[in-house]
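Working notes, beginning with the structure itself.
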Amino acid sequence: MEKITLKKIATCALFSALATISFTLENLLPPIILPGARLGVANVFILLALISLGVSYGFIALIIKITLGSLFSGNISSIMYSLPAGIISLSLEVVLLKAVENLSVVSISVAGAVVNSTVQNLIFCLVTGAVEYLYYLPYLALIAVLAGLLVGFTVYLAIKRIPKNLIL
Amino acid sequence: MKNSDLITQENISVSSEKNAVANCEKDCNGGQKNLTLMQRVSGGKIFHKKDLWVYFSLVIIVACLFIFLIFPFLSKGDVNGFLITQNGKTVLVFKPNSSQLFSIETEFADQVDIKEEENGIYTVKIFSSPQKTGYNVLVFNTKKVSVKVTESTCSDSKDCVYCPELTKSGSIYCAPHHLKITPVSGSGFVPPTTG
C-alpha cells in the first residue's frame, strides 16, 4: 500500500482533472474512421498517475475520468461499458508493470488500449443487443494499437523529462 | 561493552550486507524488484526484447478477432427497407417499394414527425420520449434505399451522426436515446461493412 500524502492527493486530483478535460474535449471531435474510436489522450494522464503516484491513485484517476467525463459529455450510459473496460485494462497494465521486468511502457500502453477497446465493444454489444457492432472489433483493435503506441510514447517522454527533485 | 563484542557486531553487519548484495544479484536480476514503478520506467528504454512477447500475443488476439467477420454465414438478402426501434420496441418501418412508405406504431405517433423533401427524400424527426426531451433527425432516400442520421441531441460525441450512410448492410445505434436502425431484407440479418 502506498503512502498517502497531501502532495500525492493534490497531484492525483490534477491528473484526474486533466484526464477528464481531455476526455471531454476528445468527445467533441469526430471519431477516427469508426464510430466510437478515439485517440485516448486521457490515458496519458492515467498512466502518469499510476507510474508516478501508485496503483490506487491510478485507479482513482480512471474512475473520476470515466464518471465525470461521461457526465460532462452528456452520455451517462457510456459509464456502463467504459468503467469495466477501463478497470480491466488498467489492472492488466498494473500486472504487466509489476510482475514482468524489463518491459517498456509503450508495450504496456498498447496492451491496455487493445484490451480496453475490445472489452468496451463486447460489453456494448451485450448490453444493447446490437450484435452487428461485433464486426468492428478487429478494426477497433488495430486503431487501439496506434493509439496505444502514441500514448505510450508520450508517457515515456514525459517520465524521462520529469526532474528527479519533483518525483514524489 | 567489551571491544570484542563491538568487533563481532561489526562483522555481523558487514557480512549481512554482503549476503544482501549476493541475494540481490542472485534473485533480483539487477535489482528491478526493489525499485519503484517510477524508477523502473525512468530507467527503462523505449523498446525491450520482452516487448516482442506482448506484441506477438496482441497479434494473435487481433487475428482471433477477425473470426467475427466470418460470423454471419447467413445469405445477404436484398434490402427492401429499414426498421427503427426504440428501447426494443418498433417505432417506424420504412419500405419504399410497398404501398405504405412509412408505417408508424400508434404508441409512437406523437414522437415521429415526417417531412417530405424533393426527389424522394424524407426528413424524419424522432423524439426520444413523449416529453420530447431529445431527438434524432433521419434522412431517408427512396431512390437509393438509404438512411442517414443528420442531427442528434444525444451527447457531445454524436456517434450516430458520424456513422456512415446505411444502404445495404450495417446498423446505426444511438446509445443515449436507445434508437436502433437496421436494414430489413428477405433473410432478416444483414452484416455490416466498415467505412
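A short reminder: the numbers here are calculations on the coordinates, not readings from a lab. Everything numeric in this text was worked out from a predicted model, so none of it was measured. Don't worry about glycine lacking a Cβ; one is built from the backbone with ideal geometry, like all the others, and counts go over all protein chains shown.
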Using the Karplus equation 6.51 cos²θ - 1.76 cosθ + 1.60 (θ = phi - 60°), what ³J(HN,Hα) coupling, rounded to whole Hz, does each residue of the stretch B:78-93 give in order, writing x for Gly and Pro? 6, 6, 10, x, 9, 10, 10, 10, 9, 6, x, 9, 5, 9, 8, 10
Once amide H atoms are built 1.01 Å from N in the peptide plane, which residues 5 or more positions from B:Gly170, or in another chain, come under 5 Å H to H? B:Thr193
Taking the Cα of A:Ser91, stepping 7 Å toward and past its beta carbon, and measuring to each backbone N in the stretch A:102-139: which are under 20 Å? A:108-127
Once both label points are put 7 Å beyond Cα along the C-beta direction, the B:Thr133-B:Phe66 separation in nm becomes 4.4
Residue by residue, what Karplus-based ³J(HN,Hα) values in Hz, rounded to whole numbers, does the stretch B:123-135 have, using 6.51, -1.76 and 1.60 with θ = phi - 60° and x for Gly and Pro? 9, 10, 9, 10, 7, 6, 8, x, 7, 6, 6, x, 8
Lys pairs in chain A with Cα under 21 Å (8 or more apart in sequence, or on separate chains) total 10
Measure nothing fancy, just the Cα-based angle from helix A:42-52's long axis to the longest principal axis of chain A, in degrees from 0 to 90, nearest 10. 30
By the Cα gyration tensor axes a ≥ b ≥ c (a/c under 1.5 gives rounded; else a/b larger than b/c gives prolate, otherwise oblate), the shape of the stretch A:43-165 is prolate
Work through the residues other than A:Leu48 whose Cβ is under 14 Å from its Cβ and net out their charges, Lys, Arg +1 and Asp, Glu -1. +3
Can you run phi through the Karplus equation (6.51, -1.76, 1.60; θ = phi - 60°) for the stretch A:71-76 and list ³J(HN,Hα) in whole Hz, with x for Gly and Pro? 5, 5, 7, x, 10, 5
Run the numbers on chain A and let me know its relative contact order in percent, using alpha-carbon pairs under 8 Å that are six or more apart. 23
